[in-house]
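Presented below is the structure to which this report refers.
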Amino acid sequence: MSGPHDVPHHVKMATHDSMAMQAKPPVAGAAGRAMAWVYGKVIAHRNASFDRGKGVVTFDRPVISVGNLSVGGTGKTPVTMWLLQLLRREGYWPCVAMRGYGMPKGRGLESDEAREYLSAFSDLPIVAQPDRTQGLLELFSDEFEQRQVSDSSYEPVGERRASDIVVLDDGFQHRQIARQLDIVLIDATRDPFADRLLPSGFLRELPASLARAHAVVLTHAEAVAAHELTKLAARVQAISKRLVVASCRHHWAGLKRSVAGGQADEQLAVTSLRDKKVLAVCAIGNPDAFVQSVRQHAGGLAEAMVLPDHDPYEPATVQRIIDVAKRSGAQVIVCTQKDWSKLARVAATTWPCAVVRPVLEVQMVAGEDALRPMILGAAATEKL
């Protein structure tokens, strides 16, 4: 492994101590705790205002929010995709509203999450802008204009359908929009009860705020011992007896490899990594679960390049990946689908070896029998 002076400041070479590297709070010590106290007061005041209904908009169709307590990754996108698939199977036509993190105004659909959704659902209606309320109103208006009016009923034009349910991506703190169901995700590898509010820790809100949620899903159940998962579920359940608590694992169902010439992606078995030396590359909020999965499936982990969440993968960073892959003798580069949404622009012939990304499937391991009817019940809420 290269020395520290060989690695750009925005790249971390992950080792067994990668979790410790990621656990440093934004502002440590007394200064961080003081700022967290002020932040907590601001959040409490804001929530009290929303509790009174001030500034809250209610749409004429159901809204389901998928959010979390902390900054960084919790496995939100795969769980939201699981939810979208469930709704579509039941005959609903959901749209997704998100912030479009890190993108200039008007370019939210180029954000990591939006690209990832569109790679899975090419026809998914997406709103990606900070003002999600305005974006949704514009989407509904556009859908309305594209429908033919026939007497007292609407008929779709061609294959276009009007969205009949809204899924808020990262919506727990976005309380300007009323919702029928609040689902909060907690990464089982990052106990929120052992964390602090920003910037002394990584929490947007304290666990007590789960009292206003309807369901909690503990993600990455595969990465912790069963007794730890049970303990965390019990602590969450103690906040409110009415909370539905479920858990899920993130399963690698296969691998995708892009083929030169614009052909369809090649589908590979996860077992194809068993005898390969692998370079793991990611720019996600909580990289440890990904690196751990790569380590589990690969014949050997050459190195892991952990970049800041939402890294743009500028040409210099891409070149760094190529250099590390060559130097380490990596036979395969493994990245997440979120990373590939940016790396896909690099010509296939540029890479020194194959670049693959896992096809993630969310598998509910507990609580689905209570969570599923709760979701479908919210979706069936009559228009207001």
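The values are calculated or read from the model by the stated rules, or taken from the named source; none is laboratory data. Here the structure is a predicted model, which is why all the values come from computation and not from measurement. A quick note on method: Cβ atoms are made from the backbone with ideal geometry, for glycine too, and the neighbour counts reach across all protein chains shown.
Might you let me know whether the range 367-376 holds any residue that is of a type in the set (Asp, Glu), surrounded by fewer than 20 Cβ atoms within 10 Å (Cβ to Cβ) and farther than 28 Å from Gln292 by Cα?
Yes, the range 367-376 contains at least one residue that is of a type in the set (Asp, Glu), surrounded by fewer than 20 Cβ atoms within 10 Å (Cβ to Cβ) and farther than 28 Å from Gln292 by Cα.
Could you list, in sequence order, the residues of the range 113-133 that are under 11 Å from Val96 (Cβ atoms) and more than 17 Å from the chain's Cα centre (by Cα)?
Once the filter is applied, which keeps residues that are under 11 Å from Val96 (Cβ atoms) and more than 17 Å from the chain's Cα centre (by Cα), the range 113-133 yields Pro125, Arg132.
Identify all residues within the range 326-384 that are hydroxyl-bearing (Ser, Thr, Tyr) and within 20 Å of Ile165 (Cβ to Cβ); write none if there are none.
Correct list: Thr381 only.
Within the bounds of the range 348-362, is there any residue that is within 20 Å of Met103 (Cα to Cα) and charged (D, E, K, R)?
no
Whether any residue in the range 286-299 is within 29 Å of Ile183 (Cβ to Cβ) and free of Cβ contacts under 8 Å to residues at least 12 places away in the same chain is what I want to check.
Yes, the range 286-299 has at least one match.
Restricting attention to the range 333-342, does a residue exist that is part of a helix (DSSP H, G or I), in contact with a Leu (Cβ under 7 Å, 6 or more places away or on another chain), under 30 Å from Ala246 (Cβ atoms) and charged (D, E, K, R)?
no
What strands (runs of 3 or more DSSP E), lying completely within the range 184-291, carry at least 1 residues that are modelled with pLDDT of 95 or more and over 30 Å from Trp351 (Cα atoms)?
In the range 184-291, 215-219, 244-257 are the strands (runs of 3 or more DSSP E) which contain 1 or more residues that are modelled with pLDDT of 95 or more and over 30 Å from Trp351 (Cα atoms).
Residue check, Asn47 against (1) within 27 Å of Leu371 (Cβ to Cβ); (2) touching a His at 6+ places or on another chain (Cβ under 6 Å), all met but one. Which one?
So the condition that Asn47 fails would be (2).
Given Val66, Val96, Val38, Val57, which one is surrounded by fewer than 20 Cβ atoms within 10 Å (Cβ to Cβ), closer than 18 Å to Val127 by Cα and at pLDDT 95 or above?
From the options Val66, Val96, Val38, Val57, the qualifying one is Val57.
Of all residues being of a type in the set (Phe, Trp, Tyr) and more than 18 Å from the chain's Cα centre (by Cα) in the range 75-93, which is surrounded by the fewest Cβ atoms within 10 Å (Cβ to Cβ)? Just the residue, please.
Among those residues, the one meeting the criterion is Trp93.
List every residue pair whose Cβ atoms sit under 6 Å apart, with the two residues 6 or more apart in sequence or on different chains, where the first one lies in the range 229-244 and is outside the structural domain of Asp195 (by TED's automatic domain parsing) and the second, anywhere, is in a loop (DSSP other than H, G, I, E, B).
If the second residue must be in a loop (DSSP other than H, G, I, E, B), no pairs are left.
List the number of the failed condition for Trp340; all other conditions in (1) surrounded by 17 or more Cβ atoms within 10 Å (Cβ to Cβ); (2) in contact with a His (Cβ under 9 Å, 6 or more places away or on another chain) hold.
(2)
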